[in-house]
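The values are calculated or read from the model by the stated rules, or taken from the named source; none is laboratory data. Everything numeric in this text was worked out from a predicted model, so none of it was measured. Ideal geometry is used to build each Cβ from the backbone, glycine not excepted, and the neighbour counts take in all protein chains shown.
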Amino acid sequence: MKHEINVFDYANDITKAIAKGVLLNTFADGRFNTMTIGWGSLGIEWNKPIFTAYVRESRFTTQLLRRNEAFTISVPLGEYDKSVLGQAGSLTGWKIDKEKDLAITLEDAAVNGVPVIKEFPLTLECRVIYKKEQPIAEIAIEGIEQRMYPPDEPDPYAGRNNSPHTEYIGEIVAAYIIEE
């Protein structure tokens, strides 16, 4: 059962959780993927409630977002398996089925068609209303390029570590807590 909420009543819970990691879920062409994100924000833009997420261009999630411009955010409440966040952030959807390998339970979304995760019950369903690549050279934080975008770090995915992020602004079209 899904208990509808006012997302801003839970703003403190959501923003605190982002710093520890929340799950961004995508779905396209019959493929589900989830990844841990630690960069994001909740707010209002164009008089709409929004969640903004940042995803590197090289991620499998980006490929799914190009085919279906919708995503869900799954936020833990209370006790949860912290290893899910670690695995969702370090294993790639290019190689594994995260639903099976992370032993998570998917449920149907209420509105946008992107599955939600029962074990991370505070849920935001979003549809992308704006996206823009963030040019690394335009980020005005000293040392950010070397710290977050190292050019020579080895990785099996071409450009993974030095590829820029794309900012995805998603209108929150549904917000709820999954209950037993």
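Laid out as a table, the results:
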read-out	value
Flag if Phe32 is touching a strand residue (DSSP E or B) at 6+ places or on another chain (Cβ under 7 Å), aromatic (Phe, Trp, Tyr), within 22 Å of Gly113 (Cβ to Cβ) and touching a residue at least 24 places away in the same chain (Cβ under 8 Å)	yes
Scan of segment 35-58 for residues that are of a type in the set (Val, Ile, Thr) and within 11 Å of the chain's Cα centre (by Cα), ordered by number	Thr36, Ile37, Thr52, Val55
Ser90 vs. criteria modelled with pLDDT of 95 or more and out of contact with any Cys (no Cβ under 9 Å at 6 or more places or on another chain)	no
Asp13 being without any contact (Cβ under 8 Å) to a residue 60 or more places away in the chain and either crowded, with 19+ Cβ neighbours inside 10 Å or not in a strand (DSSP E or B) (or both)	no
Among the candidates Arg127, Arg147, residue that is at pLDDT 95 or above and among the basic types (Lys, Arg)	Arg127
Residues being in contact (Cβ under 8 Å) with a residue 12 or more places away in the chain, out of contact with any helix residue (DSSP H, G or I) (no Cβ under 9 Å at 6 or more places or on another chain) and over 29 Å from Phe8 (Cβ atoms) - total across segment 134-146	1
Filter result for Ile104 (closer than 26 Å to Asn6 by Cα and in contact with a Gly (Cβ under 8 Å, 6 or more places away or on another chain))	no
Tally of residues being more than 18 Å from Gly21 (Cβ to Cβ) and of a type outside the set (Phe, Trp, Tyr) across segment 67-98	7
Candidates Ile169, Ile136, Ile178 - the one that is modelled with pLDDT of 95 or more, of a type outside the set (Lys, Arg) and in contact with a Pro (Cβ under 6 Å, 6 or more places away or on another chain)	Ile178
Any hit, segment 1-23, residues being closer than 16 Å to Leu106 by Cα, of a type outside the set (Ser, Thr, Tyr) and in contact with an Asp or Glu (Cβ under 9 Å, 6 or more places away or on another chain)	yes
Pick from segment 59-116, criterion in a helix (DSSP H, G or I) and small (Gly, Ala, Ser), ranking: farthest from the chain's Cα centre (by Cα)	Ser83
Filter pass, Val55 being β-branched (Val, Ile, Thr) and crowded, with 17+ Cβ neighbours inside 10 Å	yes
Subset of segment 100-129 that is free of Cβ contacts under 8 Å to residues at least 60 places away in the same chain and closer than 20 Å to Asn68 by Cβ - its residue that is surrounded by the fewest Cβ atoms within 10 Å (Cβ to Cβ)	Asp108
